[in-house]
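This report concerns only the one structure given below.
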Amino acid sequence: MKNVFSAFVLSIGVASASLLDVALAQETEWDMEEWGEEEKAPKSFSGFVELAAGARLSSDPVINTDKTLADLRAQLQWDKDFDASRVKFTADLYYDGVLDQTKLQIRELAWQGSLSSILDLGEWSKKFDIKVGQQVLTWGTGDYVFLNDLFPKDIQSFFAGRDDDYLKAPSLAAKVSGFFDWANVDAVITPKFSPDNYINGDYFSFFSPFAGANVAPGFEVSSPNKPSSPEYALRVYKTIGSTEYAVYAYDGFHKSPASFTEFGEPYFSGLRVYGASAITPFASGLLNMEMAYYDSKDDAQGRDPLVPNSQSRWLVGYEQELVKNLTGSAQLYVERMSNFDALKASSLTPEFDPNKNRVLFTQRLMYRALQQTLTLNAFNFYSTSDKDGYLKLSADYSPVDQWQLSGGFNVFYGKERFSFFNQFEDASNAFVRFKYYY
């Protein structure tokens, strides 16, 4: 078991660090003063039911099923507006046919309002909004690539072909937003650490350097190794001219269990992140830049082979409409490992160590047709350093507001069996979803 868990350092540690996001997810600001002038809105209920299925393109010798997705899902949304605040509730009840389990996920149960609605501090209290409860949080500029967004992700859902909304996992948190002339500030406190839904062998196998092949232990981190301390995240941002600048800070833990105790038990090691970003119109499109430094608190010198090294990460991206209804984008992402020589000197499996520099290119093409009722998406990750990649193809068809039919492929490829993307070659799958809104 120690060997199996040790494989996680090489596979899942990289996964949580480098992979994935939803395209430039932006939070919507709402005007509290306008709400104060309106009458109270009535309660409203909405949601959908969804049937989703997926299957591997080739069998996985260590997973006893070809199913990668088998969901019967119902979502309920409810919200209530008050004079200067809002309560919102979103919950999913679904049957997961891959694991043969019925699950309930509260994606949102939160109160959001102006500080002035609960505490009268004059004009000062009008400068702050508060959101408290279960919520989905996001920031940063990357498209499926995260640097300063350390909020939880559901990587298994993304690989299986669930809706992109499920890539962002919820967490119980308090968010305070301040709006000032000099800048705007978002501060988030998560009282109890919220990890990613990481690859653990339940749905997809991963490469073990000690076994020399993929394994699927289907494990969870034991309670003593789960952090009970809070997480803290901060963003300060301001628009100057047509460019939005932001700086970030995070104090918490690695979101996947990429570290191990002396007994070979996986755990979430301490992590601090400092970063910055900018997004601006450029030529006929949008240019975004982002950087972050990952400070590994449990191994500052990089000499412990059971704890991830510190890293610096860089992202440059560009998006524009190429022709009518066709949008294209590209990103260059680079990870540079600190104390690489120390890692090599102490490594337990040097032949499977990651490169000092990991270089990743992404490309997206999105085409809308049939009067915007059909959306075709092709997104490709390709690592020039690892010689592997991941192609995600999808199509969404919604001729009326009441229903949507979606389908696509997740295809992993590469040269080396142990490289990050190619270790999931047997996870390549096709999926289809039908969603009915009510």
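The values are calculated or read from the model by the stated rules, or taken from the named source; none is laboratory data. Quick caveat, the model's predicted, so the values are computed rather than measured. Don't worry about glycine lacking a Cβ; one is built from the backbone with ideal geometry, like all the others, and counts go over all protein chains shown. Accessible surface is based on the protein model in full, side chains and every heavy atom, while ligands, DNA and RNA are left aside. Shrake-Rupley method; radii C 1.70, N 1.55, O 1.52, S 1.80 Å.
Key figures for this structure:
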quantity: Of all residues making up the range 81-96, the number that are in contact with a Ser or Thr (Cβ under 8 Å, 6 or more places away or on another chain) and either within 16 Å of VAL136 (Cβ to Cβ) or modelled with pLDDT of 95 or more (or both); calculated: 4
quantity: Among the residues listed as PHE409, PHE420, PHE424, the single one being open to solvent by 80 Å² or more (accessible area, probe 1.4 Å), in contact (Cβ under 8 Å) with a residue 24 or more places away in the chain and under 21 Å from the mean Cα position of the chain (by Cα); calculated: PHE409
quantity: Residues within the range 283-325 that are within 16 Å of PHE146 (Cβ to Cβ) and of a type in the set (A, V, I, L, M, F, W, C), tallied; calculated: 6
quantity: Residue count, the range 396-406 (criterion: open to solvent by 70 Å² or more (accessible area, probe 1.4 Å) and part of a strand (DSSP E or B)); calculated: 3
quantity: Residues within the range 181-197 that are open to solvent by 40 Å² or more (accessible area, probe 1.4 Å) and within 26 Å of GLY218 (Cβ to Cβ), tallied; calculated: 3
quantity: Count of the range 279-310 residues which are part of a strand (DSSP E or B), crowded, with 20+ Cβ neighbours inside 10 Å and touching a residue at least 60 places away in the same chain (Cβ under 8 Å); calculated: 5
quantity: Residue within the range 147-166 that is open to solvent by 50 Å² or more (accessible area, probe 1.4 Å), under 30 Å from PHE431 (Cα atoms) and part of a helix (DSSP H, G or I) present; calculated: yes
quantity: Qualifying residue in the range 224-234 (condition: open to solvent by less than 50 Å² (accessible area, probe 1.4 Å) and over 25 Å from ALA169 (Cα atoms)); calculated: no
quantity: Residue that is surrounded by the fewest Cβ atoms within 10 Å (Cβ to Cβ), among those in the range 74-94 that are more than 19 Å from LYS168 (Cα to Cα) and among the small types (Gly, Ala, Ser); calculated: ALA84
quantity: Residues of the range 95-107 satisfying the condition of being open to solvent by 30 Å² or more (accessible area, probe 1.4 Å) and on the phi < 0 side of the Ramachandran plot; calculated: TYR95, LEU99, GLN101, THR102, LYS103, LEU104, GLN105, ILE106
quantity: Index of the failed condition, ILE130 passing every other in (1) touching a residue at least 40 places away in the same chain (Cβ under 8 Å); (2) open to solvent by 40 Å² or more (accessible area, probe 1.4 Å); calculated: (2)
quantity: Test result for ALA249, open to solvent by 50 Å² or more (accessible area, probe 1.4 Å), among the hydrophobic types (A, V, I, L, M, F, W, C) and without any contact (Cβ under 8 Å) to a residue 60 or more places away in the chain; calculated: no
quantity: GLY178, sole failed condition from (1) farther than 18 Å from PHE253 by Cβ; (2) open to solvent by less than 30 Å² (accessible area, probe 1.4 Å); (3) in a loop (DSSP other than H, G, I, E, B); calculated: (3)
quantity: Lone unmet requirement of (1) of a type in the set (Lys, Arg); (2) under 13 Å from the mean Cα position of the chain (by Cα); (3) over 24 Å from TYR94 (Cα atoms) for LYS192; calculated: (2)
quantity: Meets criteria (at pLDDT 90 or above, assigned to a loop (DSSP other than H, G, I, E, B), more than 30 Å from THR68 (Cβ to Cβ) and among the charged types (D, E, K, R)) for ASP186; calculated: no
quantity: Qualifying residue in the range 376-385 (condition: assigned to a loop (DSSP other than H, G, I, E, B) and open to solvent by less than 30 Å² (accessible area, probe 1.4 Å)); calculated: no
quantity: Members of the range 358-375 found to be open to solvent by less than 60 Å² (accessible area, probe 1.4 Å) and closer than 19 Å to VAL316 by Cβ, listed by number; calculated: ARG358, VAL359, LEU360, THR362, ARG364
quantity: When residues of the range 252-278 are limited to those that are surrounded by fewer than 21 Cβ atoms within 10 Å (Cβ to Cβ) and charged (D, E, K, R), the one farthest from ILE189 (Cα to Cα); calculated: GLU262
quantity: Long-range neighbours under 7 Å by Cβ, at least six apart or interchain, first residue farther than 19 Å from SER194 by Cβ and charged (D, E, K, R) within the range 90-117, second open to solvent by 50 Å² or more (accessible area, probe 1.4 Å) and assigned to a strand (DSSP E or B); calculated: ASP96/LYS103
